[in-house]
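What follows is a set of notes on a single structure, which appears directly below.
The values are calculated or read from the model by the stated rules, or taken from the named source; none is laboratory data. In this text the structure is predicted, and so the values were computed from the model without any measurement. Neighbour counts run over all protein chains shown; Cβ positions are idealised from the backbone, glycine included.
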Amino acid sequence: MNGILNRWQILIASTIINLCVGAVYAFSIFALPLTELFNVSMSTIMVAFTINAAISPIPMILGGRMVDKGKAKTAIFVGGALFGGGFILSGLSTAPWMLYISYGLIAGIGQGIVYSSTIGNTGKLFPDKRGLAAGIVTAGYGGGTIAIAPVANLLIGNFGVQSALLTLGVAFLLIILGCGLFVKPAPTGYLPEGWIPPAKSGKGSAINTPWHEMIKKPIFYVIASMFLIGALSGMMVTSNASVIGQTMFGLTAGAAALYVSLYSLSNCLGRIFWGAISDKIGRTYCLMMIYIVIAVLMLVLAQATSVTGFAIAIIGIGLCFGGTMGIFPSIVGEKFGMKYYGVNYGVTFIGYSGAAFFGPRIANSVAEANGGMFTNAFYIALIISLIGLLLTFIFKNMEDKQRKQDTTLTPAS
């Protein structure tokens, strides 16, 4: 019934697509040239990126709904057209407010639709390797900045920032739509050939929960909170890595940029590494390890006096930040089923959006109150990570209670 379905081909195509939409995080490359072009402040230009990040859950839910209806390819085409078109219109913008609409709104909506459709469809295609597959496809998103930043710099240097945005927009449009041709929607109830799902006790484990029922369950709020906490430390460092390197460790702007790339690379690899590990030892134990490592590395970062300490900390934090992005798609699928997975993950992604909103603001406000030093922000992140560790024990306890309840409800054979 499933016909010929090369899920690895779909995974590769989806990862390349995510490399394109992950380019939104390279906005800092365009920001300074845009301030000079429009003769405005950095904060005025950065509103475009803030709008882009703030609206992400809405298009993700829309894209997820399309995936759940078997329209993953359509979602990629629609989202890809909006994303590429948003970049093209950004290149044609003549005022900051036009950037808010093109880069912030149009590209932001397109990005969310594409991202949720690639993750949602991949999750349905890899029930046997869910952590690894989610890690790979989200690594594409995380690696977008690494791949696009040098190209964008080259284009800006030779042709100007508007031509760079326009050129990249056309390239994204062609690549996303081209790779979208290789994407096939996961058939309902898809199982890889020769794979037998592990036996589940009780009918409670097999329930597919729609989003409006999911948000009534206490475990949803624990998962969303763990997602927020897991991403918070990463967002605190992501938005300030260059500044931290320069102000606290005496790096030049060029050297700091190198460490930013190193952080981005570790973030990308962490999604695959922790995703694969979670397939072996379980998502909960994996998250426990991640929160402990983050707490330790935040202490290292706060106490470090050398560039070596800074490097070790940001590499480790990058790996763990990537790990949270690779693990939570699998948790949502396993706890609430795959039938409504696309929408459910989009709703749960609100946890990440909260981290993207609050993380940079916490770090910057603390630094401003302490003469530009981020040390106290690192201690705050350490405490928050320990709260995340506590939540994993609560989460495990809820899982164990549900498992016992399911076993009790199962009639003896």
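From the list Lys335, Lys339, pick out the single residue that is in contact (Cβ under 8 Å) with a residue 40 or more places away in the chain, over 20 Å from the mean Cα position of the chain (by Cα) and closer than 30 Å to Tyr190 by Cβ.
After applying the criteria, what remains is Lys339.
Contact list please: Cβ distance under 6 Å, first residue in region 106-127 and under 19 Å from Asn52 (Cα atoms), second residue assigned to a loop (DSSP other than H, G, I, E, B), pairs at least six apart or on different chains.
Sorted first by the residue in region 106-127, then by its partner, the pairs are Gly108/Ile55; Gly112/Ser56.
Is it true that Ala149 is buried (at least 24 other Cβ atoms within 10 Å of the Cβ), of a type in the set (A, V, I, L, M, F, W, C) and more than 18 Å from Tyr352 (Cα to Cα)?
No, not satisfied.
Among the residues of region 31-38, is any touching a residue at least 60 places away in the same chain (Cβ under 8 Å) and within 25 Å of Leu174 (Cβ to Cβ)?
Looking through region 31-38, at least one residue is touching a residue at least 60 places away in the same chain (Cβ under 8 Å) and within 25 Å of Leu174 (Cβ to Cβ).
Can you confirm whether Ala295 is at pLDDT 90 or above, in contact with a Leu (Cβ under 9 Å, 6 or more places away or on another chain) and not assigned by TED's automatic domain parsing to the domain that holds Ala53?
yes
Filter region 334-351 down to the residues that are buried (at least 21 other Cβ atoms within 10 Å of the Cβ), modelled with pLDDT of 85 or more and part of a helix (DSSP H, G or I) and list them by number.
Scanning region 334-351 gives Lys335, Phe336, Tyr341, Val343, Asn344, Tyr345, Gly346, Val347, Thr348, Gly351.
Counting only residues that are over 28 Å from Val243 (Cβ atoms) and aliphatic (A, V, I, L, M), give me the helices (runs of 4 or more DSSP H) lying completely in region 1-113 with at least 3 of them.
7-21, 57-68, 72-91
Looking at region 378-396 only, could you name the residues that are surrounded by fewer than 21 Cβ atoms within 10 Å (Cβ to Cβ) and closer than 12 Å to Val366 by Cβ?
Tyr379, Ile380
Of the residues in region 157-189, how many are over 30 Å from Ala276 (Cβ atoms) and either in contact with a strand residue (DSSP E or B) (Cβ under 6 Å, 6 or more places away or on another chain) or crowded, with 19+ Cβ neighbours inside 10 Å (or both)?
Qualifying residue count for the region: 7.
Check region 308-327 and report whether any residue there is over 18 Å from Ala381 (Cα atoms) and under 17 Å from the mean Cα position of the chain (by Cα).
yes
Does region 182-200 contain any residue that is under 26 Å from Ile136 (Cβ atoms), assigned to a helix (DSSP H, G or I), modelled with pLDDT of 80 or more and of a type in the set (A, V, I, L, M, F, W, C)?
Within region 182-200 (the criterion being under 26 Å from Ile136 (Cβ atoms), assigned to a helix (DSSP H, G or I), modelled with pLDDT of 80 or more and of a type in the set (A, V, I, L, M, F, W, C)), the answer is no, since none of the residues qualifies.
Do we have Lys280 as over 27 Å from Ala53 (Cα atoms) and either basic (Lys, Arg) or assigned by TED's automatic domain parsing to the domain that holds Thr122 (or both) here?
In short, yes.
Only helices (runs of 4 or more DSSP H) wholly contained in region 205-268 count here; list those with 3 or more residues that are under 20 Å from Gly309 (Cβ atoms) and either assigned by TED's automatic domain parsing to the domain that holds Lys339 or under 17 Å from the mean Cα position of the chain (by Cα) (or both).
Those helices (runs of 4 or more DSSP H) span 218-238, 241-249.
Across region 287-306, what is the total count of residues that are part of a helix (DSSP H, G or I) and free of Cβ contacts under 8 Å to residues at least 60 places away in the same chain?
6
Can you tell me which residue in region 114-161 is modelled with the highest pLDDT, limited to those that are among the basic types (Lys, Arg) and in a helix (DSSP H, G or I)?
Of everything passing the filter in region 114-161, Lys124 is modelled with the highest pLDDT.
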